[in-house]
Amino acid sequence: MANATALMTATNPSSPQRTGAKDSGNIMKRLQSELMTLMTSPPPGCSAFPHNGDMLHWDATLLGPEGTPYSGLTLKLSFEFPARYPFVPPEVRFITPIYHPNFDFKGRICLDILKDKWSAVLNVGTVLISLQSLLGEPNNASPLNGQAAELWDSDMEEFKRQVLARHRDIVDGDEA
């Protein structure tokens with residue numbers, strides 16, 4: 001039985017015991033490649049860089065897309081890459097609290113590609129593009145902020161006021 005367990009661990013890429021120096025090197029190569037791609041051809045309105053040179057923790061910025069309630073706003077995010085990246089998604093959070101149906105005020109994000117729809121072919125750029133798209137087209141069937149989802153559907157002008165009021169509070173240093 002011990003040999004079967006050892007074999008399963010050795011051949012199962014999802015085994016937590018399979019993270020070693022080689023895996024760490026592969027993660028670093030992947031992240032360096034993603035960083036180079038983001039630096040040479042960034043998605044419009046998106047950027048991401050390692051935080052203080054730490055390749056496993058990145059800071060990202062999204063510009064609110066034109067034609068959305070977030071137009072003209074700058075939103076900060078953090079990416080934390082687990083030992084099994086890219087086979088498991090990064091942990092992504094908004095640093096800038098945001099009023100949105102699929103984000104809560106603690107920065108948590110409800111986005112399928114950061115959960116069960118993650119695939120190793122996805123990367124930081126595709127996550128940023130997906131988040132930017134979600135700013136203009138929320139998934140109100142799966143909200144983290146139910147009030148924002150209701151307001152999005154019922155009163156867009158009030159929704160925009162809430163977005164701007166919340167952003168103004170943050171800029172003024174009066175986070176609730």
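A short reminder: the numbers here are calculations on the coordinates, not readings from a lab. What you see is a predicted model; the values in this text were computed from it and never measured. No Cβ is skipped: glycine too gets one built from the backbone with ideal geometry, and neighbour counts run over all protein chains shown.
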Selected residue [without any contact (Cβ under 8 Å) to a residue 24 or more places away in the chain and surrounded by 13 or more Cβ atoms within 10 Å (Cβ to Cβ)] from SER41, SER78, SER71: SER71
Qualifying residues in the stretch 53-80 (those that are of a type in the set (Ser, Thr, Tyr), out of contact with any Asp or Glu (no Cβ under 8 Å at 6 or more places or on another chain) and in a strand (DSSP E or B)) - the one farthest from SER130 (Cα to Cα): THR74
Of all residues making up the stretch 133-171, the number that are hydrophobic (A, V, I, L, M, F, W, C), more than 20 Å from LEU73 (Cα to Cα) and loosely packed, with under 14 Cβ neighbours inside 10 Å: 1
Unique residue being in contact (Cβ under 8 Å) with a residue 24 or more places away in the chain, over 18 Å from MET55 (Cβ atoms) and either in contact with a strand residue (DSSP E or B) (Cβ under 9 Å, 6 or more places away or on another chain) or surrounded by fewer than 18 Cβ atoms within 10 Å (Cβ to Cβ) (or both) when the list is PHE87, PHE105: PHE105
Selection status of THR96, on the phi < 0 side of the Ramachandran plot, out of contact with any Ser or Thr (no Cβ under 7 Å at 6 or more places or on another chain) and assigned to a helix (DSSP H, G or I): no
